[in-house]
Every structure is written in structure tokens, then in C-alpha cells.
Amino acid sequence: RWLAGEPAAADELLRAATARLEMIARSSLRRFPGVARWEAAEDVLQNACVRMIRCLAVTRPPNTRVFYHLAATHIRRELLDLARHYG
């Protein structure tokens, strides 16, 4: 449905992928101990999902591998921004 252009499908897609995205956020957060002191993985994931929704409005990943790679990229960008903030 999302590839067909239905706007609400992006939100449903993120909700369906939440468990795996949370696992990616937790493992990524371990590499940022300065951020892990102040932020929880759920908070990082929520902010990364906001970024993903904006990105999915203009980008259409062709498969799940590209989707998860894009999600991991946005989680890392969020962690880098938080590291700059707390650093």
C-alpha cells in the first residue's frame, strides 16, 4: 500500500517494524556512551522515526533491506546530533 502511494501506510510500516528498529536503536546507542547516559533507546528511536516519516514522504525504498538501512542511517544521525548536544 505504501509503494502504491497511500500516505497512512508509512505510519503503519513504522509501527510494524518497531521491534526491529528498537533493537537497532539499542545496539547503536551502546556505541554512544555519552548519549546513553542521558537518553533512552526509545527516545532516540522516536526522534529517528520522525525523521524517517519526513524522509518516506519523498523517498520510496524498493525493498525491506533498503528500508532498514535507511532507518539505521537516521538512528545514527539522531545519535550524532545528540552526541554533539551533550558533548
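The values are calculated or read from the model by the stated rules, or taken from the named source; none is laboratory data. Not measured: the values here are computed from a predicted model. Reconstructed Cβ throughout: ideal geometry from the backbone, glycine too, with neighbour counts over all protein chains shown. These accessible areas exclude ligands, DNA and RNA; they are computed on the full protein's heavy atoms, side chains included. Shrake-Rupley method; radii C 1.70, N 1.55, O 1.52, S 1.80 Å.
Given points 7 Å out from each Cα along the Cα-Cβ axis, report the Arg84 to Glu6 separation in nanometres with one decimal.
Result for the modelled spin labels: 3.7 nm.
Rg and Dmax of the chain, Cα atoms, in Å?
According to the Cα coordinates of the chain, Rg and Dmax are 13.2, 42 Å.
Only sites in a loop by DSSP and with at most 11 other Cβ atoms within 10 Å count here; which chymotrypsin sites (Phe, Trp or Tyr not before Pro) in the stretch 1-82 make the cut?
Trp38
Express in Å², to the nearest 10, the accessible area of Met52 obtained by rolling a 1.4 Å probe over the protein heavy atoms while all chains stay in place.
0 Å²
Using DSSP to call loops (not H, G, I, E or B), can you name the trypsin sites (Lys or Arg not before Pro) in the stretch 28-87 whose Cβ has at most 14 other Cβ atoms within 10 angstrom?
Passing both the DSSP loop test and the Cβ count: Arg30, Arg31, Arg37.
What is the extension gain from Arg65 to Trp38, computed as 0.36 nm multiplied by their sequence separation minus the C-alpha to C-alpha distance, in nm to one decimal?
Numbers: separation 27, 0.36 × 27 = 9.72 nm, distance 3.04 nm.
Residue separation times 0.36 nm, minus the Cα-Cα distance, leaves 6.7 nm.
Only four residue types carry charge here, +1 at the Cβ of Lys and Arg and -1 at the Cβ of Asp and Glu. Report the dipole size of the chain about the Cα centre in Debye, rounded to the nearest 20.
With Lys and Arg at +1 and Asp and Glu at -1, about 340 debye.
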